[in-house]
Amino acid sequence: MKKLHKFRIASLTHLEAGQLIKSNLADVVTASLNTTTDPLIHNYLALLTADTVQMDLALIQVKAQQETHNLEVLDMSRDASVRVLRMQLNIYSHSNIPAEVTAYSVLKIPFNAYKTIEKLNYEAENNAIDNFVAELAKPVYATALTTLNLGGLITRMKNDNTAFKALFSTRSITVAATANYDAKAIRKTMITNYEAYAIYVTSLTNATANLATNAYYLSLFNIIDNIRKYYSDMLARRGSNSSDAPVVVQP
């Protein structure tokens, strides 16, 4: 009697669970098995294919939500850098040292031109800070910046903007706002369908042991079992309590 490896699917991440199903689907294709030979097999594989599509969308949504949070954090950081630079300049508005008064007057012009950049939308602020940095890099402001020692704060603002733009330019494809994908619920359905599929294949593999059709079900069984073995070993290495010992899957 064929037995499947014991396998604690609950220990897998959502991404790993999705890959488990994708591996089963891909290996069936690689083995060139005719999925229409058994209508139930065909139906199970169709269900699992649909499940993986939904899981991918859910994971994209989760990633997009995390990236949105990270963007907000980076945006607050660069906004703070802009404000600190502005406040540092304003300190010198009360100076009684001629060189500092002159430097303040010179720099007040470009600072006034960019006085509200932290209130702009993401893309506009990206460009505004780049332009602000480029403006302050002009030779006409060099002496004033040195006098007021603002070079470090300008570099900080530039670096914070660069960090924001790096994530902003590589953010995930946005999932439509009207769609709401519950990764946990989708995973539950996907695993339920997978387990039903595994039980069915195991049962038919054992039931057809002495029949010509056994080769077909045995091929499917081996695909399922080899992948389970891979993930079982992976979890064992990770330090989970999963075991490689085989277990009978009851119909």
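The values are calculated or read from the model by the stated rules, or taken from the named source; none is laboratory data. As the structure is a prediction and not an experimental result, all values here were calculated from the model. Note: ideal-geometry Cβ built from the backbone for every residue, glycine included; neighbour counts use all protein chains shown. SASA here: full protein model, heavy atoms, side chains in, ligands and nucleic acids out. Shrake-Rupley method; radii C 1.70, N 1.55, O 1.52, S 1.80 Å.
Around Leu153, under 11 Å between beta carbons, what's the net of Lys plus Arg minus Asp minus Glu among the other residues? Present the calculation step by step, with values, prior to reporting the outcome.
Numbers: positive: Arg83, Arg86, Arg156, Lys158; negative: Asp160.
Here the charged neighbours net out to +3.
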Label-point separation, Val29 to Val84 (7 Å along Cα→Cβ), nm: 5.0
Reachable lysines from Lys3, criterion Cα separation under 20 angstrom, eight or more residues apart if same chain: Lys229
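Provide Met234, Met87 ordered by accessible surface of protein heavy atoms (probe 1.4 Å), highest first.
Values: Met234 35, Met87 115 Å².
From most exposed to least exposed: Met87, Met234.
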For the chain, calculated [θ]222 nm from helices alone, where every DSSP H run of n ≥ 4 adds -39500 (n - 2.57): -25000 deg cm²/dmol
Options [x] 101, 37, 27; [y] 51, 43, 38; [z] 65, 37, 33 - which one matches Cα extents along the principal axes in Å as calculated here: [x]
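So, counting K/R as plus one and D/E as minus one, what does the shell of residues with Cβ under 14 Å around Asp27 add up to?
Numbers: positive: Lys22, Arg228, Lys229; negative: Asp225.
Net charge in that neighbourhood comes out at +2.
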Pairs from Lys115/Lys165; Lys63/Lys188; Lys119/Lys188 whose Cα-Cα separation, in the structure shown, is over 31 Å: Lys119/Lys188
Cα gyration tensor shape of the range 44-89, rounded if a/c is under 1.5, else prolate or oblate by comparing a/b with b/c: prolate
Net charge contributed by nearby residues that have their C-beta within less than 15 Å of Asn121 (K/R +1, D/E -1): -3
Nonlocal amide H pairs with His5, under 5 Å, H built at 1.01 Å: Val247
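Could you tell me which of rounded, prolate or oblate describes the range 95-232, using a ≥ b ≥ c as the square roots of the eigenvalues of the alpha-carbon gyration tensor, with rounded for a/c under 1.5 and, failing that, prolate when a/b is larger than b/c and oblate otherwise? List each step's numbers first, then the result.
Working: a/c = 6.36, a/b = 4.37, b/c = 1.45.
Here the range 95-232 falls in the prolate category.
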